[in-house]
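Heads up: the structure comes next, in structure tokens.
The values are calculated or read from the model by the stated rules, or taken from the named source; none is laboratory data. In this text the structure is predicted, and so the values were computed from the model without any measurement. When we count neighbours, we look across all protein chains shown, and the Cβ atoms used for this are built from the backbone with ideal geometry, even at glycine. Just so you know, the surface numbers come from the protein's heavy atoms only, side chains and all, with ligands and any DNA or RNA stripped out. Shrake-Rupley method; radii C 1.70, N 1.55, O 1.52, S 1.80 Å.
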Amino acid sequence: ITNKRLERGLYFHKLIHPKQGKHKTKYRAISQSQAKFSYRRVDAQLAVEKGINIRYQQKWQRVDDHAEVELWIHLEKRSAHVGLRLSDKNMRHRMYKKDHLKASLRPTIAYCMAWLSEIDPDDVFLDPFCGAGTIIIERAQAGAYTQLYASDISDEAITNTQNNLNGRYQPVTVRLEDATKLSHQTSTIHKIVSNLPFGKQISTEEQLKDLYPKALKEMERILTNNGKIVLLIHDLNLLRNAVNSTNTLTCDTIYSDIKVLGESAHIAVITKK
């Protein structure tokens, strides 16, 4: 109730979302947990709401929808973290995404992956498993670039990518291609960012054991020296074996504890030396 960090968070919240009028501040609390407890998640939510009522008395009003302020409670084994949401609905739901595919990537993760590739205006950027085009569009919106390429072996994916691009973000080229047999010339791509098949919704584990080494070797061929590859993957050992099968690729960083469609995932940042 007396934590000063809440006031600081609300200060930034007001800068981003100025309050319209003099009505009560509408808020809601949302509780999440990755573990099981002797109490319910809603009990933690009610405790936060009680604290808000004590602190702000009649100035705040709890609502179920269209809240001006959202408090997110993340429960862990021995602690709870209460966060203040600063973003609006566009953070999760992009307006450009008209067409979707099964196992389509969340835009927020796609943006983070593009950012990890070290965005540069000279970038020649490729997603060889483009799906619905989310990574390509997030990279286009993240900053200046020289050329974007999106490719996939699926006709449906190519159609969805083109529909979501809707003629924007030029220059961008969309191709129907096998990621293990790309048409790009050797050492011409600066950044490759992609969501590799997981072996759950798409492909099987046996298929991935064949696909990953072939795809990584093809990425190695077309990537420039010191170029970056950022991949979202499920099976870390499978990726490491694929990287080890190349001559010049090195896995620099692994980001774990990522959830994609309820499955644990990792983001790998790879460099061509």
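Points worth noting:
- Among residues of region 6-23, those that are open to solvent by 90 Å² or more (accessible area, probe 1.4 Å) and either under 12 Å from Leu71 (Cβ atoms) or not in a helix (DSSP H, G or I) (or both), counted: 3
- The residues in region 131-145 that are open to solvent by 10 Å² or more (accessible area, probe 1.4 Å) and touching a helix residue (DSSP H, G or I) at 6+ places or on another chain (Cβ under 6 Å) can be counted, and the count is 2.
- Reported count of residues in region 32-76, each being outside any loop (DSSP other than H, G, I, E, B), within 29 Å of the chain's Cα centre (by Cα) and touching a residue at least 24 places away in the same chain (Cβ under 8 Å), is 13.
- From the list Asp257, Asp210, Asp252, the lone residue that is surrounded by fewer than 19 Cβ atoms within 10 Å (Cβ to Cβ), without any contact (Cβ under 8 Å) to a residue 40 or more places away in the chain and closer than 22 Å to Ala157 by Cα is Asp210.
- Restricting region 164-174 to residues that are touching a residue at least 24 places away in the same chain (Cβ under 8 Å) and exposed (fewer than 15 other Cβ atoms within 10 Å of the Cβ), the residue that is farthest from Asp123 (Cα to Cα): Asn166
- The lone exception for Arg78 - which of (1) farther than 30 Å from Arg168 by Cα; (2) modelled with pLDDT of 90 or more it fails: (2)
- With respect to the stated conditions, Ser183 fails to be touching a strand residue (DSSP E or B) at 6+ places or on another chain (Cβ under 9 Å), loosely packed, with under 14 Cβ neighbours inside 10 Å and modelled with pLDDT under 90.
- Those residues of region 153-173 which are within 20 Å of the chain's Cα centre (by Cα) and outside any helix (DSSP H, G or I), in sequence order: Tyr169
- Search result, residues across region 32-68 that are touching a helix residue (DSSP H, G or I) at 6+ places or on another chain (Cβ under 7 Å) and either open to solvent by 90 Å² or more (accessible area, probe 1.4 Å) or modelled with pLDDT of 90 or more (or both): Trp60, Arg62
- Those residues of region 240-273 which are over 23 Å from Ile119 (Cβ atoms) and touching a Phe, Trp or Tyr at 6+ places or on another chain (Cβ under 8 Å), in sequence order: Asn241, Ala242, Glu263
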